[in-house]
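Below is one structure, written out as structure tokens; comments come after it.
The values are calculated or read from the model by the stated rules, or taken from the named source; none is laboratory data. All values reported here derive from a predicted model rather than from experimental measurement. Note that each Cβ is placed from the backbone with ideal geometry, even for glycine, and that neighbours are counted across all protein chains shown. Surface accessibility is based on the protein's heavy atoms, side chains included, excluding ligands, DNA and RNA. Shrake-Rupley method; radii C 1.70, N 1.55, O 1.52, S 1.80 Å.
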Amino acid sequence: MNAIIHFLEKYLQGPMAKLSQQRHLQAIRNGVVSALPFIIVGSIFLIIAMPPVPATWGIAKWAAANITQIMIPYRLTMYIMTIYMTFGIGYNLAKSYKIDALAAGQLSVAAFLMTITPIADPKLGQILPMANLGGQGLFMGIITSFFAVEVLRFCKEKNFTIKMPEAAPPFVSRPFEALIPVVIVIGVMALITVVFKIDLNALMMHLFAPIIKAGNTPWGIMIPIFLNGFLWAFGVHGAAVVGAIATPIWQVYVQENAAAVADGKPMPNIAPETFYQWFVYIGGSGVTLGLLIAIFIVAKSKFAKSIAKLGFIPGLFNINEPVMFGAPVVLNPLLIIPFIINPMIGGLMAYGATSLGWVGKTYVTVPWTMPAPIGAFLSTGGDWRAIILVLVNLAIATVIYIPFVKMWDQKLVQQEAGEDVTEEDA
């Protein structure tokens, strides 16, 4: 076992750690996270528009009568989330290059909007279709952000910019420095969209359709769950690596589900990011809340008990770093196995329950620090069965952790007994 750990640490940990630090992947992750406040607020208005109470209640009747007005904040936040994410991706990528981040964010949004052709309406004039401004346009938003920032960086490095006199203040000179990159980016995008009439969003969705479809299958959820746990077990932030790659797909899922609910249609997707957040990673990656409960049940060593006491309250709010690095779980042969297995079992349980209609699909984005049963209840729009599913998955994880915790704790007890003997001899 030690030889395997050494091999994986030597040949896997380094490359994966470098991948998690790759500037473009970090820009995607940070850009998506920067839009979470808008998505969460939009989700709240979605719940208000369709409250999880009987239709005969007064609040439900009020919501039904005013649904059009209530849904406006949702449609201008979560429904068009790609605009906010595109700006964030361009901004963060430019920061990593140490170039004008504000100009990069603006240029990224402009490049993305240039992929959408306005439609002429006899009454309203030119209308910009909103469909591709949501989750399904995120792939295009990522690509146009990269394109815009790389053009801006190229022009900056080659001094291909308009230089103002040194006496000009920065707020005057910076816009002129960005002028040539703006001309290049807008010109290229206009050539593609307007002259050649290529629908880049439709093309991108067609290319990614197999991947998006696969994400709603059992294998589609097992792969990211396994990779997340496997990387974490060897000290690599699995959520950072897997999330940077999978988040665009998960955001498509949650936006499509929310849009379906808003339009009164069945939700198409089983596994948005909220599915993993509330049904799989209870207390954090590896279902570490189950590990803490198992420690409370069977552990006898002072060290294990202290870790459980230290990590339990943060674990309730899905913060598991105290146990991950305190026990530690990372590079711990006895705890790695259940750490990887538990989320996979929970994922299959949740997939089965959701696909069979026993538990509602998730479509509301809730702050990740919410305790899992409450987060699951809210993310499904108020399905009480989601609470049951969370508790069942947590119970299963706890039972699986117990024998491994016993073996780990037994070694700790022996070590503590040896230390006590040494102290007495001294």
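Observations on the model:
- Unit charges on C-beta of K, R, D, E only; dipole of the range 155-274, Debye: 200
- Alpha-carbon centroid distance for the pair the range 264-298 / the range 140-177, whole angstrom: 44
- Principal-axis analysis of the Cα atoms of the chain puts helix 81-97 at an angle of about 80° to the longest axis.
- Pair-distance profile P(r), taking every C-alpha pair of the range 275-320, with 5 angstrom steps and integer %: 6, 27, 30, 19, 12, 4, 2, 0
- Rounded tilt (10° steps) of 238-262 against the dominant C-alpha axis of the chain: 60
- Based on protein heavy atoms only, the chain ends up with 48 Å² per residue of surface accessible to a 1.4 Å probe.
- Working value for the range 270-383: equivalent-ellipsoid semi-axes of 27, 15, 11 Å, each the square root of 5 times a Cα gyration tensor eigenvalue, largest first.
- Sorting the Cα pairs of the range 305-350 by distance into bins of 10 Å, from 0 upward, gives 26, 47, 26, 1 percent per bin.
- Per-residue [θ]222 nm for the chain (sum of -39500 (n - 2.57) over DSSP H runs n ≥ 4, rounded to 500): -22000 deg cm²/dmol
- Ranked by how many other beta carbons lie within 10 Å on average, peptides 89-101, 62-74, 326-338 from highest: 89-101, 326-338, 62-74
- Tensor-based shape of the range 121-191 (alpha-carbon gyration tensor, a/c under 1.5 rounded, otherwise prolate or oblate): prolate
- Nearest-20 debye value, the chain charge dipole, Cβ charges on Lys, Arg, Asp, Glu: 840
- For the pair the range 353-373 and the range 184-205, the centres of their Cα atoms are 37 angstrom apart.
- Between H206 and V41, the FRET efficiency from the beta-carbon distance, with R0 = 35 Å, is close to 0.65.
- Greater than 19 Å apart at Cα, pairs in K305/K411; K302/K411; K98/K156; K61/K361: K61/K361
- Listed candidates (1) 1.03; (2) 1.14; (3) 1.22 - label of the one calculated as Cα Rg over 2.2 N^0.38 Å: (2)
- Candidate cross-link partners of K309 among the lysines, defined by an alpha-carbon separation under 16 Å and a same-chain spacing of 8 or more, comprise K300.
- Cα gyration tensor category, rounded, prolate or oblate, for the range 193-326 with a/c compared to 1.5: prolate
- Apportionment of accessible area to carbon and sulfur, the chain, percent (1.4 Å): 71
- Three-way shape label, the range 133-255, alpha-carbon gyration tensor, a/c 1.5: oblate
- Between the beta carbons of A260 and V194, assuming R0 = 30 Å, the FRET efficiency works out to 0.40 to the nearest 0.05.
- Of the residues T115, F139, N228, the one whose Cα sits farthest toward the positive end of the charge dipole of the chain, with +1 on the Cβ of Lys and Arg and -1 on the Cβ of Asp and Glu, is T115.
- Added length on full extension, which subtracts the Cα-Cα distance from 0.36 nm per residue, L356 to S96: 89.1 nm
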